[in-house]
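See below for the structure under consideration.
The values are calculated or read from the model by the stated rules, or taken from the named source; none is laboratory data. Values in this document were obtained by computation on a predicted structure and should not be read as measured data. Glycine also receives a Cβ, built like all others from the backbone with ideal geometry; neighbour counts cover every protein chain displayed.
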Amino acid sequence: MGMPVEVLASEVLQLPKAERIRLLDQIVFSLDADAARDAAWDAVAARRDAQANSDPAALLALDDVLDKLRATVQ
């Protein structure tokens, strides 16, 4: 079965902060590993980046986007 979670947590909390951060990153990555989803988002980001580079005038100002979003939510 392995080590009880309480014992493991106690051991982990004794690690230096940098090591705890590294371990946390590894744990979160293991829970969030969805290659198909990540690839899809990468493709969306690449497409949007290419669009922005080809026509910078089409970009919207952040304040305008936030105002429109706030109006939609309210």
- Matching residues in segment 1-57 - criterion: being among the charged types (D, E, K, R) and either modelled with pLDDT under 90 or touching a strand residue (DSSP E or B) at 6+ places or on another chain (Cβ under 8 Å) (or both): ASP32, ASP34, ARG37, ASP38
- Of those in segment 15-74 that are of a type in the set (A, V, I, L, M), more than 20 Å from the chain's Cα centre (by Cα) and surrounded by 10 or more Cβ atoms within 10 Å (Cβ to Cβ), the residue nearest to VAL5 (Cα to Cα) is LEU15
